[in-house]
Amino acid sequence: MQRLGKNLGKYLGETIDVKKVLAGVPIAAQQHGWELEVFFKVDGFDLFALHRACRNSAGRRRIYISAGIHGDEPASPEAALKLLQENRWPDNVELWLCPCLNPVGFTLNTRANKNGIDLNRGYLNPVAAEITAHISWLERQPQFDLTIMLHEDWESLGFYLYEQNPDGRPSYAEKIIEAVEKVCPIDRSEMIEGRPAKGGILRPNIDPSSRPDWPEAFYLISHKTRQSYTVEAPSDFPLEIRVNALVTAVNTVLGVHPLGCSGPDASRGSGAR
Ligand SMILES: [Zn+2]
C-alpha cells in the first residue's frame, strides 16, 4: 500500500463534514442504549460525552475512549461514530466515549481550536474553555481500567501507538499492532516523533510532573487510569483505511474479533447482535 503523498508539511488529505458525523452520534447512542450528556457548547456544536452501562458485571472492565481533539485528524471522530454504529461491545464492558472534543477544528481542518490552542496540550493548566469543561466532566467519572485516545499523524509511515502501563499490566500493544497490520501499514521506524520506537510501539518514560503542557493522556494516567493507549493512524493513506485501523485497535482491546475479511469495507453494516 502506497502513501498518497498529499501531506506536505501538514494534513492535506480528505476532510469530513463534522456536522454530519456528529449528527450520527445521538442517533446511534439512542438506538443502542447509551446515555448522552452535552458537557459544553462551542460555536453551535455540542461536545458529547456518552456512557454505556455494562450488561453483565462478571469481570467488568471500565474503558474510556476519546476522539477528535485535533481537527486535522478526521479518521478519529469517524472511527468513534463507526464503533458506536457497529455496536459490537462486549457485555461486561462499561464504556465512556467522547466522540469529538474539537469540532470547530474540523471545520477549519486545523489541529488547534479556532483560537489556535492545541487542546491536547492543556490538561495541566487549561486555557481553553472546552478543556476546562472536559476535565470537570472527567472528574465526575469513576476510575477507568483502561483508556484509549484516537489520533492521526500526518507524517508517519504507518500506524503506531503509545502505551502507558506503569504497573506492568498485561499489555495490549503487540496485539493491537498484530491486528491493525492486517488492515493498515505499520510504521516500524526506530524513531517516531523523536522518540525510540519498536515495531510501531512507543513506551516513553516521561514523568508528567516534568512537563507543563499535558496531553489528555498525561491527565488520565495521573488521575483516572493505570493503563492507557494513544493510537495514531497514518493520515497520508486513504481515510477508510485509517478509520479501520483505529476501529481495529479499539476492538482488539475490547476482545472483539474482526468482521469478515480484512478489506476496507469488511466491517461495515450489521452489528454483532
Ligand atoms: Zn492528534
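The values are calculated or read from the model by the stated rules, or taken from the named source; none is laboratory data. Note that the structure is predicted; figures quoted are calculated from it, not measured. These area figures cover heavy atoms from the full protein model, side chains too; ligands, DNA and RNA do not enter into them. Shrake-Rupley method; radii C 1.70, N 1.55, O 1.52, S 1.80 Å.
Shape call for the stretch 61-211 from the C-alpha gyration tensor, a ≥ b ≥ c root eigenvalues: rounded (a/c under 1.5), prolate (a/b greater than b/c) or oblate? Here the stretch 61-211 falls in the rounded category. Taking amide H atoms as placed 1.01 Å from N in the peptide plane, the amide H of R111 lies under 5 Å from those of G71, D72, each 5 or more residues away in sequence or on another chain. Computed with a 1.4 Å probe over protein heavy atoms only, the accessible surface of the chain comes to 43 Å² per residue.
Please say if the stretch 28-94 is rounded, prolate or oblate, where rounded means a/c under 1.5 for a ≥ b ≥ c the square roots of the C-alpha gyration tensor eigenvalues, and otherwise the choice is prolate for a/b larger than b/c and oblate otherwise? Here the stretch 28-94 falls in the prolate category. Subtracting the Cα-Cα distance of E14 and D207 from their residue separation scaled by 0.36 nm leaves 65.9 nm.
One decimal place: the segment Q2-E193 gains 66.7 nm when fully extended, by the rule 0.36 nm per residue minus the C-alpha distance.
Take every pair of alpha-carbon atoms less than 8 Å apart whose residues are at least six positions apart; their mean separation over the length of the chain yields a relative contact order of 23 percent. Among the protein heavy atoms, those of D72 account for about 20 Å² of accessible surface (1.4 Å probe, every chain in place). In order along the stretch 5-18, the phi-based Karplus estimate (6.51 cos²θ - 1.76 cosθ + 1.60, θ = phi - 60°) of 3J(HN,Hα) comes to x, 8, 7, 10, x, 5, 6, 10, x, 4, 10, 10, 8, 5 Hz; Gly and Pro are listed as x. As a fraction of the 1.4 Å probe accessible area of the stretch 65-160, surface on carbon and sulfur atoms comes out at 48 percent.
Between amide H atoms placed 1.01 Å from N, distances below 5 Å from M149 occur with S66, Y229, T230, V231, all of them 5 or more places distant or on a separate chain. A P(r) calculated from all alpha carbon pairs of the chain, with 10 Å bins opening at zero, reads 7, 32, 40, 20, 1 percent.
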